[in-house]
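Before any comments, here is the structure.
Values quoted throughout were computed directly from the atomic coordinates according to the rules given, and no laboratory measurement underlies them. Predicted, not measured: the structure shown is a model, and the values here were computed from it. Because the Cβ atoms are built from the backbone with ideal geometry, glycine has one as well, and the counts that use them run over all protein chains shown.
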Amino acid sequence: MKHCITIVAALTLLVSCTGIPQTTVQTDKVPSVFPDYTNVVIPSNIAPLNFRIEEEGKKYVTVITGGADKAVIGGQKVEIPPRKWRKIKQHGLIGIQVFVMDDDSRWHSYRPFSMSVSEDEIDPYISYRVIPVAVESYQNLSIRQRNLTNFREKVIFANTMVQTNADGACINCHSYRDYSTDNMLFHVRQYKGGTVMVLDGKLHKVNMKTDHTLSAGVYPSWHPTHDYIALSNNRTHQSVHSASHDKLEVLDDISDLILYDIKNNTVSVIENDSSELENYPNWSADGRKLYYVSYRYDGNYGDKRKNEMFLSREDFHFNLYSKPFDPDTKTWGPTKLEFDAAARDSSITWPRVSPDGRWLLACISTHGVFPLDQIVSDYIMFDLENGSYRYPDELNSPFAESFHSWSSNGRWVMFSTRREDGVHTRLYFSHMDENGRFSKPFALPQRDPDFNREFLYAFNIPEFMKEPVHITPRQFASFISGTDATPAKYETKKGE
Amino acid sequence: MAAILWCVLVLKEQFFLYKVEDLSVFLFDKLFIAECLKTPGGFLGLAGSFLTQFLHLPWLGALLWVLLLLIAYQLTIRVFNLPENRRPLALIPVALLIIGNMSLGYGVFLMRSQDHFFAPVLGYLISLIPLSAAGRMKALWSKILFLAVWTTAGFALFGTFAFTGAIVCGCATLVNSGLPRRERITVPVSALILSLLVPLVIYSAYTSYKLTDSWIMGLPSISSDSWTHAMRAPFQLSLLCQILLALGTGLKSSGQDDSTKSIITRSLTYIAAIAMVWGFWYRDCNFHTELEMSYAVDRYDWNHVIKTYQKAVDSHKKADEKAFESRSRKIESARSNDEIDEIVERYSSRFFEPTRSMILYRDLALLKTNRALKEAFTMKDGSRMQNSRTQIPMAWQSGKQLYFQYGLVNMCYRWCLEDVIEHNWSFSTLRYMTMHSVIMQEPDLAEKYISKLEKTIFYRKWARSQRTLKSDRDAMAAAAPYKSVLPYMCFENRMSNDMIKTEAYLINHFMEEEPELATPEYDRAALLIAMRIQDINRFWERLRYYINSNHVRELPRSVQEAMILYSSLRKTQLDYPLDEQVRRGYDSFNQYVSSHSIRSMKEASYPFCQRFGKTFYYYYYFMRDLNTY
């Protein structure tokens, strides 16, 4: 309320200014804008939140105020000059009033809305994979980095730089150690394949597939204190829904967990129970526990396994487990069931622990392991201090919510969602307070507010970074093309 | 000659031109333009895509292309200063440009570059620029500077054509005896060095291609490795012609030469160029029939689909008769069974046989007009493989259309997505993605595609018409094509994958799904497919469903023929009162079979077809082991 009074007062003072309609008809509603940036909490170092006014009209004027600073912008597309944006957001509260002229040349003033500027900064860089919405083909993938303080986006690496017509190369699962790009990885599949790792700024390519493990590493999680990476091994399949708003179903007919020892270039098994489909490892903040999800499947192991799994897909309820780990001795403790999703006819995936170790945010769906392609996928949040959990409706939408990432200070969450059209995944941010409550999410700002609607590619695997990736795409390309992957050695078998 | 070419294109290749346009895209859209410019040669690609959209009106698109070819011919003469007696040489690169496009055939479905029809001729024209521009510069340094700027900016805008231009300029300078020796060496060496070095230097600015592909940027690309070199060769040869012509500018011309020898040489060059075009021009009846049927399917003009099919069958009747007579003569004089087999095999390609795409388009049209069970088996069938360098899966060619029309809209959407990744966006995929979102009532998604199509010249109106349907189910259900697709969407959702075999997937779908609320349309399609796969148990099962849902009083003749044949094969009693003509027809078929010895089904196929080609018996015995793709 206090905020509203301040905004109205500031805007009243401005009414007499040039360019702002003097006589207006009051409209008791907040204007519809795209992306929906009304009443959101934003970080102080974010780029201008440009938007389009979604109200019918002949002319548009938008007044953006912060303290004594203001910007008056004409037109349906509100593109805020970066310099003015920087000044306005310094004041902590941004007021926005929209005026729209109707066909009879009368100005309508809409109820002002605000953007609260949080004192919690956001990491200045993010990276994501830009991918055509697809089923099996992967001709045109790129991992890109975006400076959140402006609109600059650069390609980190694109598969078009190495693959040939006959030999495609899929790239995926980019991941950073402690938000730093001096230690990072991503996988290249098939042509010139291997896990491309940057270790202390130097490039390496490793083949994590051994004779004793199922596949190369897939979903990674860097150990917070030691030189280990936990990864899943997956044999993934896709199938098309013949008549449903969900288009695709993705499942693994086998999956395990492995630990990659960076220093020794060895792979050891964490979990490889043939009846369990273990997946999505994620370390606790202190690195003494590994969270993961798993589902017990006792079905056929023959040729029909995959088809049977697709038929019984709705029974696939993944639970959340944890496993204690001593990083110094590299030993594992007994598995513990953390959340029995199956008992709730649900399936939990993508657990990710906040940097302070208190919160665990995960995807929850009716079934399955791949929330991206399930309209019903939402988030569930656990308070690891007291073991409670809740469904953060602030974040959830009627469409699929999937991969998410915590900022390095644990105050921001970035997540991918299909809320805009049901198919194209877009990135949204939300601020979390000390009680674990999220603010209304807002879309990744773009220079052109129509970008999200116009862009026909999807974003996935969004990750925060403290700094940009310094290795150039050309360096990556020439390294990947010219280097064979070093085979990782198999260290131990489980139980040995 | 240009007028003749234009007439041939408009009269004989209009559906090919339409398909080229349908599989291309040009949007008046910032993101689209920015995306195109991210690759060297992007501007050329944009210009090519812009012009390709006019093939939507084949007469207009063909006119633009022919005009550009004419300009290429004239400019070649002017830039290389070809004397009268050498002018026919200018026809050779133009002929190669024509061959490049018109020899493509089924390759059109695999093209990755949306600009491939116009970009090569535009690139050809662009590569003539440096020679004419540098010719106007006097100082050596200005020529070098020009070449440096040209290769750098030109590579970004026009791709490899910039380098060809520089090399052509260098070659012409090398052989120009009127220039100082220093210049004759420096310019070509600079052109060569710049053409080699610029891509290496400029590569860091791009992330969209491999370094080793630098010297082919801007040339058309295709998603088949085995086809790539053959597809690009004519275009590359046309550029080689420029280099040879540039080197030839140093040859002394004998000036005006009207001697008989010269006239003969010129005439022969013209004839050679024309013969070359004629020889490489892709002419295949099945391909052209498929294109016309596809065009009609996109317009839901089902009668046009059926007529096109019938026209193709009828047009081959005489040729088939001749082939049969010729084959019979050869067989009569054959001395052994092996020789007969060899003759039959050799002649098999001379008889007309449709492709599976043609059959599936035809059956679809017959189903949509409720004529399938009456007429499908009275028409010629077959499974001729594509006359193509590689077999193009039906999924790439007609998958989207067939899946959509049979109500498998998610599978249609899936192939649109795959097509986008493998072969880039196209008007076709945008349209089918829109229709998918409209029929699934996903308004936000539909809006995404509608807003793109609104930024086109020829699909704007159609896109706007879809906006009114995207969230109004009743209006959608009453509008074409949705009205005729919805009845097929009566099945339960299930997981499936077509493994790139469209026909097999359709068969499995209709044979495995038994919707509780099956519509008459669905049951008609299921019965048709049960008859197609010659599965006796499925036939009886689907016939029961068909009779129940369609409230049939009198069964179509082909169905009765299947009933009498299957009862006889299974030795079961048939309760249904069959038409007397059907009984007589079956008896006559049996009599014919017993009175004629059949050495091989392949050999007997034609004479049997002449007599019983419109019966289900013929289909059952002679249309077996059909290939699909």
Fill in the blank from the handout: Helix B:317-332: inclination vs chain B longest Cα principal axis, degrees, rounded to 10, gives 80 degrees
Fill in the blank from the handout: Averaged over residues of A:420-433, the number of beta carbons from other chains lying within 10 Å of each residue's Cβ is 2
Exercise for the section: Mind giving me the FRET efficiency for A:Arg390 and A:Asp286? R0 is 25 Å, r the Cβ-Cβ distance, nearest 0.05 is fine. Expected result: 0.60
Completion exercise
Mean other chain Cβ within 10 Å across B:204-211 is 6
Handout entry: Estimated dipole of the stretch A:401-496 in Debye, rounded to 20 [Cβ of Lys and Arg +1, of Asp and Glu -1, Cα centre]
Key = 120 debye
Fill in the blank from the handout: Pseudo-spin-label distance B:Glu516 to A:Lys263, built 7 Å along Cα→Cβ, given in nm, is 6.3 nm
Handout entry: Among B:489-501, B:34-46, B:279-291, the order from most to least packed when residues are scored by Cβ within 10 Å on average
Key = B:34-46, B:279-291, B:489-501
Exercise for the section: Check the straight Cα-Cα distances from A:Lys336 and name the aspartates and glutamates below 19 Å, setting aside those fewer than 8 residues away within the same chain. Expected result: A:Asp256, A:Glu271, A:Asp273, A:Glu276, A:Glu278, A:Asp286, A:Asp326, A:Asp383, A:Glu385
Exercise for the section: Please work out the FRET efficiency for the pair B:Val8 and B:Ile533, using the Cβ-Cβ distance as r and a Förster radius of 30 Å; give the result to the nearest 0.05. Expected result: 0.15
Exercise for the section: Please work out the FRET efficiency for the pair B:Arg473 and B:Met385, using the Cβ-Cβ distance as r and a Förster radius of 45 Å; give the result to the nearest 0.05. Expected result: 0.60
Problem - B:Ala272 paired with A:Thr483, simple spin-label distance in nm, labels 7 Å along Cα-to-beta-carbon - result: 5.4 nm
Fill in the blank from the handout: Averaged over residues of A:158-165, the number of beta carbons from other chains lying within 10 Å of each residue's Cβ is 5
Problem - HN-Hα J in Hz across the stretch B:499-504 - Karplus 6.51, -1.76, 1.60, θ = phi - 60°, x for Gly and Pro - result: 6, 6, 10, 5, 5, 4
Handout entry: Residue pairs, from the table A:Lys77/B:Lys452; A:Lys59/B:Lys470; A:Lys247/B:Lys30, whose Cα atoms sit over 25 Å apart
Key = A:Lys59/B:Lys470; A:Lys247/B:Lys30
Practice task
Sort B:Arg460, B:Arg362, A:Arg426 so the one with the fewest other Cβ atoms within 10 Å of its own Cβ comes first.
Solution key: B:Arg460, A:Arg426, B:Arg362
Problem - Residues in the stretch B:591-629 reached by a label modelled at B:Glu321 [backbone nitrogen below 16 Å; 7 Å Cα→Cβ] - result: B:606-611
Problem - Exceeding the 31 Å Cα-Cα cut-off - candidates B:Lys317/B:Lys461; B:Lys330/B:Lys501; A:Lys209/A:Lys306 - result: B:Lys317/B:Lys461; B:Lys330/B:Lys501
Handout entry: chain B, relative contact order in percent, only Cα pairs under 8 angstrom and at least six apart counted
Key = 14 percent
Practice task
Could you go through the stretch A:434-442 in sequence order and give the Karplus-derived ³J(HN,Hα) for each residue, using 6.51 cos²θ - 1.76 cosθ + 1.60 with θ = phi - 60°, rounded to whole Hz, and x for Gly and Pro?
Solution key: 5, 8, x, 9, 9, 7, 4, x, 10
Exercise for the section: Once you have all Cα-Cα distances for chain B, histogram them in 10 Å bins from zero and send the whole-percent values. Expected result: 3, 14, 21, 21, 17, 12, 8, 4, 1, 0, 0
Handout entry: Largest-first ellipsoid semi-axes for the stretch B:14-149, taking √(5λ) over the Cα gyration tensor eigenvalues, angstrom
Key = 29, 21, 11
Exercise for the section: With only Lys, Arg, Asp and Glu charged, each at its Cβ (+1 for the first two, -1 for the last two), find how big the charge dipole of the stretch A:2-118 is about the Cα centre; round to the nearest 20 debye. Expected result: 540 debye
Problem - Backbone N under 18 Å from the A:Gln190 label point (7 Å along Cα→Cβ), restricted to the stretch A:146-181 - result: A:158-173
Practice task
Please give the length that would be gained between B:Leu240 and B:Val175 if that part of the chain were fully extended, namely 0.36 nm times their separation in residues minus their C-alpha to C-alpha distance (nm, one decimal).
Solution key: 21.8 nm
Problem - Theoretical gain in end-to-end length, B:Met601 to B:Asn493 [0.36 nm per residue, Cα-Cα removed] - result: 34.7 nm
Exercise for the section: Using packing as a proxy for protection, rank A:275-285, A:338-348 so that the peptide with the highest average count of other Cβ atoms within 10 Å comes first. Expected result: A:275-285, A:338-348
Completion exercise
Asserting the computed 222 nm helical MRE of chain A (DSSP H runs at least 4 long, -39500 (n - 2.57) per run, divided by residue count, to nearest 500) equals -2500 deg cm²/dmol
Handout entry: Potential extension, B:Leu192-B:Ile331 segment - 0.36 nm per residue separation minus Cα distance
Key = 43.8 nm
Handout entry: Degrees separating the helix B:443-453 axis from the principal Cα axis of chain B, which is the longest one
Key = 50 degrees
Exercise for the section: Quick one: pull the percentage of alpha-carbon pairs in the stretch A:2-118 with a separation above 25 Å. Expected result: 13 percent
Fill in the blank from the handout: Note to self, chain B gives a 222 nm [θ] from helices alone (DSSP H runs n ≥ 4, -39500 (n - 2.57) apiece, / all residues, nearest 500) of -20500 deg cm²/dmol
Completion exercise
Distance in Å, no decimals, from the C-alpha centre of the stretch A:288-338 to the one of the stretch B:1-73 is 55 Å
Handout entry: 5 angstrom amide H check on B:Ile222, placed H, neighbours 5+ away
Key = B:Arg112
Problem - Degrees separating the helix A:473-482 axis from the principal Cα axis of chain A, which is the longest one - result: 20 degrees
Handout entry: Rg to Rh quotient for the stretch A:411-496, alpha carbon positions, Kirkwood Rh
Key = 1.15
Exercise for the section: Please work out the Kirkwood hydrodynamic radius for the protein assembly as shown, using every pair of different C-alpha atoms, and report it in angstroms with one decimal place. Expected result: 33.6 Å
Practice task
Run down the lysines and flag those whose C-alpha is under 16 Å from the C-alpha of A:Lys202, throwing out any fewer than 8 positions away in its chain.
Solution key: A:Lys263
Problem - 14 Å tail of the calculated P(r), the stretch B:128-192, as % of Cα pairs - result: 48 percent
Exercise for the section: Can you give me the three principal axis dimensions of chain A from its C-alpha atoms, in Å, biggest first? Expected result: 81, 50, 46
Fill in the blank from the handout: Distance in Å, no decimals, from the C-alpha centre of the stretch A:192-220 to the one of the stretch B:603-628 is 57 Å
Fill in the blank from the handout: Once phi for every residue in the stretch B:353-362 is put through the Karplus expression 6.51 cos²θ - 1.76 cosθ + 1.60 (θ = phi - 60°), the whole-Hz ³J(HN,Hα) values, with Gly and Pro written as x, are 8, x, 8, 5, 4, 4, 5, 5, 4, 5
Problem - Cα-projected label distance for A:Asp340 with B:Asp341, points at 7 Å along beta-carbon direction, nm - result: 6.9 nm
